[in-house]
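The values are calculated or read from the model by the stated rules, or taken from the named source; none is laboratory data. None of these values were measured; they are calculated from a predicted model. Cβ placement follows ideal geometry from the backbone for every residue including glycine, while neighbour counts extend to all protein chains displayed.
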Amino acid sequence: MFHLQRLRQYSAPLSLAAVLVCVLPTHPYAQTSMDAQTLFEICGSPEADWVAFCAGFIQAANDQAAHSGQSCAPTGTTRADLIDTFVDFAGEAFTSDPDLGAATGLSVAITSIADAYPCN
């Protein structure tokens with residue numbers, strides 16, 4: 001009897017987990033690494049979830065660039081500034097070098113931030 005109660009307790013979370021396992025890998029952005037073109041498309045999306053994803057991704061790229069001494073964004077630089085920096089850089093870079101879209105999103109994001117906010 002105790003096992004049945006315990007099973008019922010976990011049935012809803014297990015059902016949700018099973019649905020997520022079946023659904024998430026089929027999403028077009030479900031992959032283990034993200035290329036720069038995909039990140040560019042996500043950062044241009046008006047959907048709130050993708051806006052939040054982009055903000056977190058670009059913030060992490062900024063943190064990595066700053067930690068490694070590749071960039072020195074001034075105090076007061078916002079995530080929106082960093083996103084605009086990436087989107088502007090990537091848009092121009094993809095026009096001159098379409099193959100750059102296949103590079104990792106992280107490497108292109110870091111390069112865009114380092115170009116915009118170099119350490120003097």
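Would you check which residues across the stretch 86-120 are farther than 18 Å from Thr75 by Cα, buried (at least 16 other Cβ atoms within 10 Å of the Cβ) and among the β-branched types (Val, Ile, Thr) and list them? Val87, Val108, Thr111, listed by residue number.
Cβ separations smaller than 7 Å between residues 6+ apart or across chains give the following pairs from the stretch 65-94 residues that are without any contact (Cβ under 8 Å) to a residue 40 or more places away in the chain to residues that are crowded, with 16+ Cβ neighbours inside 10 Å and assigned to a loop (DSSP other than H, G, I, E, B): Ala66/Ala73.
Taking the stated definitions as given, is Ala17 surrounded by 11 or more Cβ atoms within 10 Å (Cβ to Cβ) and modelled with pLDDT under 90?
yes
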